[in-house]
Amino acid sequence: MAAGMKHLSKTFVWILMGMLIVGLAGFGAVNFSSSSSSIAQVGDEDVSIGTYVRELQQEQRALQAQTGQAMPISQMTAFGLDRVVLSRLISLASLDHEAKSLGLSLGDDNLIKELAAIDAFQGVNGQFDRETYSFALRNAGLSEKEFEDDLRREAARTIVQAAVLSGAKMPKTLTETLTGYIGARRSFSYVQMMASDIALITLAPSDVDLQAFYEDNQNQFMLPETKRITYVALRPSMLLDEIEIEDAQLQQLFLDRSDQYQVPERRLVERLVFSDTETASSAKAQLETGGATFESLVENRGLTLQDIDMGDVTMGDLGKAGTDVFAAEVGTVAGPLPSDLGPALYRVNGRLEAQITTFEDAKPELIEELASDRARRLVEAQAEDIDDMLAGGATLEELATESGLELAQINWTSETGGEIAAYEGFRAAAEAVTMDDFPEVGFLADGSLFALRLDDVLPERPEPFADAKDKVLTAWNADLRAKTLQKQGNELLAQSETAGAFSEDAAVTAETGLTRTAYIETVPAGLLAEVFEMQSGEFRLVQDAESAVVVRLDAILPPEQSDDMALLRQALQAQLDQTLAQELFQAYAQDTQTRSEPRVDQQALNAAHAHFQ
């Protein structure tokens, strides 16, 4: 029983950790001048400096294991982790005080059983060993009295916890209600009409019709808040003409890129290695007589084609077998031929021709690469001077005139893309800029520099009709199709309600026993939600932009009596019981903490932190 209580106690220690802020809200910091061995007094219980430091070290080690980085006490304090540890210890101390008030304690006989059950205190014979016990406690920095007192307190807390939690059961009515809601089923039938099947009139709307639709639905054609930005940019491409590249440099870069420009002929090859030439020759004979396939030979060796695939190889990669393999036709098997693993059969699956690029053909690309790299360095070299000019009060227009920078304007929103707005550096600067900001140099991913100025902020506004005309026409057609779809749906709904059934020529789809979580691919997303609000025999029209559905509820079915539903019911009951138990225990733990009136010795706490350093 004690072991079980110990396990339960460890579980609810984690619950106590969740009471961090609440746990510290009820007490103030009071300095104790009479003691420096404890950092807090909780009723008749003390939280010792040693206990606090050990818990803080344990928290530090856990964080280091999680993040891979050591965290000093200063950083732990900044994150509030010292208060987490203190709150946890005060919560435990308040329960210890409560247990002592109730007269609960672990007897000597049960204490001995608890010690004997701990593996770390057992000798080579599996029995409790006094020397091992003492040695383990010395390594942990604990005395036998401290550890045994902790064990007694933990057992007493467990008894208190068990008393609070025993019999914590949520009413089954709630479980049955939730199970009934989740498992409820409906059988229904429906007729679906697709918007794509509706043929619109061939006569295009007039500008008058579109203008009227635009004015009636202006909220569909609003432009977002827009920043009108002026910017200057200096791109590496603007400086290419100023850069001279020597032919020797191009030759050297061409040689450095020989793997890129001088790609030799290659073959796609699979290699099946054998233990000796006789076995390899026998396998080749089977291939030639049709007694086996290459795949069956591979399979008989316990291999897969992936295991023997060499990929694309050059003649040099194949060593002594290279000449014969390269002479073989695609789809044939060459060999037996030597390999570094023994005699092998080589199947040629493809031929890749050599790709030879001459220096003259590669020269434009080489020039662009070298020139672009130098152009980026020239841009970087000019950045400081440009920044100084901006700091000295130069306008963007003056920079464009005096330094040859590109000057342009852009109406920017979060949806703007293309050109300079495609660069994340510019987008971040445009997002953050305000009317009070002065232009400063920033860099783009391609090495360009830029500076920008916010000229105006245009509020959300209607897009001019002339600019939005194509959007208006698209919306007008969509609206006409939706109205036509709705009209057809209402007509079918009226006919079905009058007849009490769908017409015989209607394309009716029936669904049986679906739950709320069922999915029907083509129907409107809200169809099942509507179905579960309907009465048996009721018809209803459900529509979205793609289709309209007239649905009839055929039957209301209870949850299915299955093993899955039984497991769901059990899981819900267990989860609800656990939630109730946790809430009860939290309320009780908070009450015990409030009644124990915890007080913190700030001087002792500071001393503990200094010792921790």
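Only the coordinates and a few stated rules stand behind these numbers; no lab work does. On a predicted model such as this, the values are computed, not experimentally measured, just so you know. Cβ sites come from the backbone with ideal geometry, for glycine too, and all protein chains shown count toward neighbours.
A few notes on this one:
- Here region 398-504 is treated with +1 on each Lys and Arg Cβ and -1 on each Asp and Glu Cβ, and its dipole about the Cα centre works out to around 720 debye.
- Under 28 Å from the Cα of Lys487 - lysines, other chains or at least 8 residues apart: Lys469, Lys471
- At most 16 other Cβ within 10 Å, DSSP loop - GluC sites (Glu not before Pro), region 495-565: Glu504, Glu521, Glu533, Glu538, Glu546, Glu560
- Positive-end residue of Gly302, Leu341, Gly103, charge dipole of the chain with Cβ unit charges: Gly103
- Helical runs (DSSP H, four residues minimum) scored at -39500 (n - 2.57) apiece and divided by the length of the chain put the mean residue ellipticity at 222 nm at -16000 deg cm²/dmol.
- Hydrodynamic radius (Kirkwood) for the chain, which is based on Cα pairs only, to one decimal in Å: 36.2
- Debye, to nearest 20: dipole size of region 265-353, +1 on Lys, Arg Cβ, -1 on Asp, Glu Cβ: 80
- Of the residues Gly180, Pro72, Ala212, the one whose Cα sits farthest towards the positive end of the charge dipole of the chain is Gly180 (charges of +1 on Lys and Arg Cβ, -1 on Asp and Glu Cβ, taken about the Cα centre).
- Relative to the Cα centre, the charge distribution of the chain, modelled as +1 at Lys and Arg Cβ and -1 at Asp and Glu Cβ, gives a dipole magnitude of about 3200 debye.
- For region 132-227, the extents of the C-alpha atoms along the principal axes are 97, 53, 25 Å, listed from largest to smallest.
- The GluC sites (Glu not before Pro) of region 229-320 that DSSP puts in a loop, and whose beta carbon has at most 10 other beta carbons within 10 Å, are Glu244, Glu246.
- Positive-end extreme of charge dipole, region 204-303 - chosen from Thr293, Val269, Tyr231 (charges on Cβ): Thr293
- Sorting 214-223, 181-190, 472-481 by their mean Cβ neighbour count within 10 Å, with the most densely packed peptide first, gives 181-190, 472-481, 214-223.
- Fraction in percent of alpha-carbon pairs per bin - 5 Å, region 362-445: 3, 11, 18, 21, 21, 14, 7, 4, 1, 0
- Reduced Cα scattering model of region 265-353, Debye log10 I(q)/I(0), q = 0.13, 0.19, 0.23, 0.26 Å⁻¹: -0.36, -0.80, -1.19, -1.48
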